[in-house]
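Enquirer: The structure follows.
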2 protein chains.
Amino acid sequence: MSYLGVGVSPGNVPVSHGSNLRVIDRRVRLAELVLRCVICGLAILAAALIGTDTQVREIFTIQKKAKFTDMKSLVFLVIANGIAAAYSLVQVLRCVLSMVRGSVLFNKPLAWAIFSGDQVMAYLTLAAVAAAAQSSVFAKLGQAELQWMKTCNLYVKFCNQSGEGIASAVLVSLSMMVLSAISAFSLFRLYGDNKGKNSGGW
Amino acid sequence: MSYLGVGVSPGNVPVSHGSNLRVIDRRVRLAELVLRCVICGLAILAAALIGTDTQVREIFTIQKKAKFTDMKSLVFLVIANGIAAAYSLVQVLRCVLSMVRGSVLFNKPLAWAIFSGDQVMAYLTLAAVAAAAQSSVFAKLGQAELQWMKTCNLYVKFCNQSGEGIASAVLVSLSMMVLSAISAFSLFRLYGDNKGKNSGGW
């Protein structure tokens, strides 16, 4: 445990924090902020696209209305993306605050909270997307063996709009995966010792 | 970067690796080994339960056969769990080898490979389970709005067995999530510096 502080420029950057690590820190924080903004936007887009998705069709004088609440997996997807958007907004504010202050994350309980939140969000959004994608496949192609008929040839506009929503939700899910790896990095390097820097190639 | 080596017992344990960290290391490696064995067993069980699931019923002299290949999400689940079982078996061998040798993971490329593999497996098994669970809900409850009728009242034994398989796959998925957090810990602490130990409460 040596706090040498040699060659560290003055300012609010903690001592013994090498310039190499500081560059990584800055990049990681920037990537985190950008990803959280992207997730927030895309999650709102996905929830809005699916949540406003309806289509009315007249079939032999009978009016039939397709809405997203007919399919529970779409409701789950809207809820999951709503939660992801709200969560990301809070996290964006935290990121901006920590960037303005110039502080580096060395608070283990906070790092654990962020890590846990990101993990839950990544798995939640992925599960929601997988379930919704499965439902869409049934709606688009049907399942002849079970006599489940395809419904997308009746409600073309409805299916296209929910397809766009699901595509947006897939991007949310992928971004959350990258983000959960970033927050794992931010947390677990707090448990490291100096050995790693010498033994690894990169 | 100081390699003091003070108070470190002889053996193949690297120097400057505190006894506290060595205890954590041992526990983490044991937890990893146990989890990987559990995953291997449960994934084989899930794949076997679903892969052998068939039921023949006679309805008005017409013989109808339900098999897991009728539902693509069950095929995906069998494949995902097959891959998870094979992957876990390889990882169990690696764990045992590193425990016999008494070596600690300080090889960054290997840690990156394990981390990436575990992440992919966690997301793959979760997506497969979510899709299969969605299909099962349709099969069990039907979807009245789309005139998709429930089929589980016709094929009770088939549905029960695939339900058990899905339950087993859910456990595989949950264990993979814990494991991917463990491998994230093993990787990213290699990027740490000593500061974390002093500033955090735990």
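The values are calculated or read from the model by the stated rules, or taken from the named source; none is laboratory data. Predicted, not measured: the structure shown is a model, and the values here were computed from it. Positions of Cβ are generated from backbone atoms using ideal geometry, with glycine treated the same way; all protein chains shown enter the neighbour counts. To get the accessible areas, we keep the full protein, side chains included, count just its heavy atoms, and leave off ligands, DNA and RNA. Shrake-Rupley method; radii C 1.70, N 1.55, O 1.52, S 1.80 Å.
Enquirer: Which members of the stretch A:75-106 meet the condition of being within 13 Å of chain B (Cβ to nearest Cβ) and surrounded by fewer than 16 Cβ atoms within 10 Å (Cβ to Cβ)?
Expert: Residue satisfying the conditions is A:S103 alone.
Enquirer: Can you tell me which residue is modelled with the lowest pLDDT among those in the stretch A:76-134 that are more than 30 Å from A:C159 (Cβ to Cβ) and among the aromatic types (F, W, Y)?
Expert: A:F106
Enquirer: Identify, by number, the condition in (1) within 30 Å of B:S135 (Cβ to Cβ); (2) surrounded by fewer than 17 Cβ atoms within 10 Å (Cβ to Cβ) that A:I39 doesn't meet.
Expert: With (1) within 30 Å of B:S135 (Cβ to Cβ); (2) surrounded by fewer than 17 Cβ atoms within 10 Å (Cβ to Cβ) applied to A:I39, the lone miss is (2).
Enquirer: Identify, from the list A:K150, A:K157, the residue that is within 11 Å of chain B (Cβ to nearest Cβ), of a type in the set (K, R), more than 26 Å from A:V28 (Cβ to Cβ) and open to solvent by 60 Å² or more (accessible area, probe 1.4 Å).
Expert: A:K150
Enquirer: When you check A:I24 against the structure, is it more than 20 Å from A:C159 (Cβ to Cβ), out of contact with any strand residue (DSSP E or B) (no Cβ under 9 Å at 6 or more places or on another chain) and modelled with pLDDT of 90 or more, yes or no?
Expert: In short, no.
Enquirer: Scan the stretch A:160-177 residue by residue and report those that are open to solvent by 10 Å² or more (accessible area, probe 1.4 Å), more than 10 Å from chain B (Cβ to nearest Cβ) and within 30 Å of B:A111 (Cβ to Cβ).
Expert: Scanning the stretch A:160-177 gives A:V170, A:L171, A:S175.
Enquirer: Sticking with this structure for a sec: Assess whether B:A139 counts as being within 8 Å of chain A (Cβ to nearest Cβ) and in a helix (DSSP H, G or I).
Expert: Taking the combined requirement at face value, the residue satisfies it.
Enquirer: While we're looking at this one, here's another question. All but one of (1) open to solvent by 40 Å² or more (accessible area, probe 1.4 Å); (2) more than 14 Å from chain B (Cβ to nearest Cβ); (3) on the phi < 0 side of the Ramachandran plot hold for A:K72; state the number of the condition that does not hold.
Expert: (2)
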